[in-house]
Structure formats: structure tokens, C-alpha cells
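Written below as C-alpha cells is the structure these notes are about.
The values are calculated or read from the model by the stated rules, or taken from the named source; none is laboratory data. The model shown is predicted, which means the values in this text are computed figures rather than measured ones. Using ideal geometry, Cβ is built from the backbone for each residue, glycine included, and neighbour counts are taken over all protein chains shown.
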Amino acid sequence: MHHILAICLAAPLLSVLCWKDWRTRTLPNALTFGLAILGFGWRIWADGMGGVVDGVLGAVAGGLFLLIPFLMKAAGGGDVKMLAAVGVFTGLRFCVAQLMFVSLAGLALATVLVAARAVSPARLKHAIRCFFDWRYDRVKGRASLPPRSDEGGRAPFGIAIAIGTMAALAYAAWLEANP
């Protein structure tokens, strides 16, 4: 039943992070590091030092998941830090489930935002064409993109991270209750 406690502990901070990401497209370090510290405290209480090691491995796996998109400037540093912080809660055991739930939540969020015209699909279209269309003029395509500072070009991925994490923790609680 300790995953239920993890949901109760993480939910308030994740809600604040979602709100900040939606309003300002930023994930403050104080909140993401606070979430990680809270996760380590929960890990020590629930599983002792073995839980701390599992939390560290989950944080590393979560951070590495977004490393390539971050290096390609497709994800922000706050997203990487937030995914690492919530990786402390899920640990290595539920890391794959968490990353799957986060990816599905991100896909659903992006679909809704593009359909509602809250986010411009120009960068996604450019990336897909660069990857799949060898005849596409990448330089000309890059010049026609909106500036990176434009809020319409950036999706608040922290919301997907929070939803996916809650789903993974609920899944872990369900597995814990139904062995």
C-alpha cells in the first residue's frame, strides 16, 4: 500500500508543476528538486537504502529517456529534471511502465493541443520531413519555422510527465494489491 502514499505525496507538487508548465512553459528547479527530495524521503521510509538505490536508478533512467531529445533541442531541461525526479518515485522496477504512460500521455496531449490550435504543428512537421523525406530542403524549412521563443511552438510536456507518473504509480499500487 505504500504506492498509494507515493501518489498522495507526489500529487500536490505535480499539480503545481503542471500549472506552472501550462502558464509559463517553465518547470522551476525548486519544485523539481523538491519532488526528488520528497521521493527519496518516501523511498527511505518505504524500502530503506535498497529503495534509495532503486530510486537513483529510476531517476537516471528517466533522465536518460529525454537526453537525446534535449540534445536535439526538442525537450527542455526542466522536462529532463522533472522526469528524473519522478523516476525516484517509480524506481527502476516501474520505469518502463512510467515511460510508456508518459509517452502515451504526451501523444494525447500533443494531439489535443494541435487539434485545438493551441500549439503549432510546424516543428513536428519539419522534424518528420527531415527524417523521412530525402528531397526536403532542410535549410529552407528551418528558416520558415516560428521562433523558439514563440509559446505556440512549445507543448507543456510536464503535464504529460505528471499524468504518466500518476498512471504508473496507480499501476504499481494495483500490482501491489493484486499479487
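Could you run through the stretch 1-52 and say how many residues are of a type outside the set (A, V, I, L, M) and outside any helix (DSSP H, G or I)? Give the derivation first.
Taking the stretch 1-52 as the starting set, the residues that turn out to be of a type outside the set (A, V, I, L, M) are 2-3, 8, 12, 15, 18-26, 28-29, 32-34, 39-43, 45, 47-48, 50-51.
In the following step, the residues that additionally are outside any helix (DSSP H, G or I) were identified as 25-26, 28, 48.
Total satisfying the criteria: 4.
Summed over the stretch 71-89, residues that are part of a loop (DSSP other than H, G, I, E, B) and without any contact (Cβ under 8 Å) to a residue 40 or more places away in the chain total 1. Residues that are touching a residue at least 60 places away in the same chain (Cβ under 8 Å), small (Gly, Ala, Ser) and either surrounded by fewer than 22 Cβ atoms within 10 Å (Cβ to Cβ) or not in a helix (DSSP H, G or I) (or both) within the stretch 155-179 comprise 167, 170, 173, 177, listed in sequence order.
Filtered by the rule that a residue be of a type in the set (A, V, I, L, M, F, W, C), assigned to a helix (DSSP H, G or I) and at pLDDT below 75, the stretch 129-154 gives 130, 131.
Only a single criterion out of (1) at pLDDT 90 or above; (2) farther than 26 Å from residue 23 by Cα is not satisfied by residue 80, namely (2). Taking the stated definitions as given, is residue 24 under 17 Å from the mean Cα position of the chain (by Cα) and loosely packed, with under 12 Cβ neighbours inside 10 Å? Considered against the rule, which asks whether it is under 17 Å from the mean Cα position of the chain (by Cα) and loosely packed, with under 12 Cβ neighbours inside 10 Å, residue 24 comes out as yes.
Taking each residue of the stretch 132-154 that is within 23 Å of residue 115 (Cα to Cα) and looking for partners that are exposed (fewer than 11 other Cβ atoms within 10 Å of the Cβ) and modelled with pLDDT under 75 with beta-carbon atoms closer than 9 Å, six or more apart or interchain, yields 148/73; 153/147; 154/148. Checked against (1) under 18 Å from residue 172 (Cα atoms); (2) of a type outside the set (Lys, Arg); (3) in a helix (DSSP H, G or I), residue 92 passes all but a single condition, namely (3).
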